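Enquirer: My structure is below; once you've seen it, I'll send some questions.
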């Protein structure tokens, strides 16, 4: 079965990686950033080697988000990305083909062990099964 494994973050988290701290988002040192990248790369390498990796990407900061919805008049309403106080949004994801929910949970637990600076907000890693047919709803 395919699963979407998601990591969350806020605009403040992205800014803290660039040296601008805030509550729950301390500044990352270069060593901490490199440790995070190495942790995620090792996971990606292992998933690729096991054949479970379908796709994976980190996403640009929430400030570069655009929301498009239908207005009352039927015309699109376009809103640029959220501001720093916005709740967490998707920061990155994996699409995995795993034999069981237990296996993908094991992978998510490994993702959750990602190193970071002291005081960093601890977001859950979210697992969602991907529906593969219309009858699965």
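Computed from the coordinates by the stated procedures, all read-outs in this text should not be read as laboratory data. Please read these numbers as outputs of a predicted model, since none were measured by experiment. Counting neighbours? That spans all protein chains shown, and the Cβs are built from the backbone with ideal geometry, glycine included.
Enquirer: When semi-axes √(5λ) of the Cα gyration tensor in Å is calculated directly from the model, which label among (1) 26, 25, 11; (2) 23, 17, 15; (3) 30, 19, 12 fits?
Expert: (1)
Enquirer: Would you calculate a helix-derived [θ] at 222 nm for the chain, using -39,500 (n - 2.57) for each DSSP H run of n ≥ 4 and dividing by the full residue count, to the nearest 500? Don't skip to the answer; put the middle values down first.
Expert: On the way: 3 runs with 40 residues, N = 137.
The per-residue figure over the chain is -9500 deg cm²/dmol.
Enquirer: What percent does the relative contact order of region 45-137 come to when contacts are Cα pairs within less than 8 Å and at least six residues apart?
Expert: Worked out over region 45-137, it gives 26 percent.
Enquirer: Which stretch or stretches of region 100-116 have amide N atoms under 14 Å from the point lying 7 Å from residue 29's Cα along the Cα→Cβ direction?
Expert: Backbone N within reach: 116.
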